[in-house]
Amino acid sequence: MEETAHNEANEIKPVSDTLLVLTKDTNKIEMVKGIDKEGNLQKFPPDDKKENDQWVRVDKHGDIFSNFFSNFYRQLKDPTHFNFFKISEYDAVNTAKDLQYYVDQASPEEKEKLKEYAIQLKNTNPLKNQNTMENNTDNQEYRFQPEQIDWKTMEKFGLNQEKLEKMNAMDSLLRGFKTNTLIPITINLGTAVSKMDVRLSLQTADNGEVGINIHGIRKEPNYNLKFLGHEFTEEDKKNLKESGNMGRVVDLVNPKTDEIIPSVISRDRLTNELVAYKAEYIKIPDEIKGIKLDDHQKQTLLEGKPLYLEGMTSKKGELFDATVQFNADKRYVEFIFNNNQSQQQSQQQSESNQQSQKNEGEAPRVFREKELDDAQYDKFKAGQTVYIDGLTDSKGKAYQGYITFNKEMSKTDFSFTNPNKLKEKAQPSEDHKTQKAVNSDGKTNEATKNIKEPLESKQQQPANKQQEAQQKKPTRSKGRKM
């Protein structure tokens, strides 16, 4: 028994890693103990002998520590208030004291340089973000090269590199994202040919080959089924339907490894596909359209929640307010404008106009939210074609055209070109009328009535000497023979 105790006492235990923390507000270096239920960081001074053996211990293996710190950081309340440092537990206390001495003596520039030694989450650092809010896909390096793409498979879809470049789809593909727009493809199944619009993306398979993913359009996601182990609440469903973002971080399960991965979920607004994105990879900008984000605002966005900002400045120099939120499909913080209400009002206005037309049989005074003036309306309700400008499409782009009220159908016909001019062009000219009358209808024209062969296009006079001679030749009387 004594021998066993002696062996345990002399056993060399593997050394683990632990965490030191620098609290920005106090400039204090302390040992990390853990996180309480409210998400507050538990820490203690390095010279506190009572807590000296209570610090965090993590296996030195890289992947294990990375996963630990990702979960640790996500659970922590206001994590941007701290800088964390990974050190060996063997000399943790002495390192903490040395680091405190450095911080006390360091200049502001030297303290800033200390951040370079702080722990950064894998592929992202919430403390070191982009300066402004732009589509951060523009700053991503290319993950793939054109020669890695399976062009033979692309050809089966009716696509090649030239077509994708013309559609501005190659850049997003090579960066590892889905195409920004829907791509028309053709799938030949032998007995049937199917044409559809899809989004495309590239993915590296287990064997190292680059495969092509097809993201087809669906009517809506099936919220009743679990998504990577997550069961949607009514609030989740509502958020995904309205804004496209679920609005919170949830634990998803990797179906291959059973690994639990904290993630945010969004709905692809082009295909209605549900998309997940790891929370540890979320990048939050320091500034959005002139508004500098504080730590609380950044934390709100890191948690996948929407954030309403006032007084932002557009590229035109105009002030505007909007909600911003991280989108898992786009992989960046997006603007979410309240378009639902305006779209609903437009739909109600359109339905009201149609109902008015149906009930009264009268021409509407308003067309696509553009009210006609008195002169326009008088012509319009009389069935005449009216030019109208100042119309705006769904993307906010202005356009114009011609409208005509169809009294029989009680509806408004719209055309980008003047339908009256099209009708005029469609009317046959006098030359063609003469030609048709002589060649097809058996009628005569005084200038060409004696010519035997068919007239050429638009011909109303003899075309040569032979036809002139035929025309001058007197016609015989067709009188009745006695």
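Run the simple label-point estimate for Ala106 and Asn418 please: 7 Å along Cα→C-beta, distance reported in nm. Each label point lies 7 Å from its Cα, and together they span 7.5 nm. Over segment 215-256, the Kirkwood radius and the radius of gyration, each from Cα atoms, give a ratio Rg/Rh of 0.97. Projected label points at Asp171 and Thr392, each 7 Å from Cα along the beta carbon direction, are separated by 2.7 nanometres.
Tally Lys/Arg at +1 and Asp/Glu at -1 over every other residue whose Cβ is under 13 Å from the Cβ of Phe326; what's the total? Spell out each step's value before the answer.
Details: positive: Arg248, Lys278, Lys283, Lys298, Lys305, Lys330, Arg331; negative: Glu280, Glu303, Asp329, Glu334.
Its environment carries a net charge of +3.
Which whole-number percent is the relative contact order of segment 137-216 (Cα, under 8 Å, 6+ apart)?
Details: 117 pairs, mean separation 21.1, N = 80.
The value is 26 percent.
Coordinate-derived values only; no laboratory data. Note that the structure is predicted; figures quoted are calculated from it, not measured. Note that we place each Cβ from the backbone using ideal geometry, even for glycine, and neighbour counts take in every protein chain shown.
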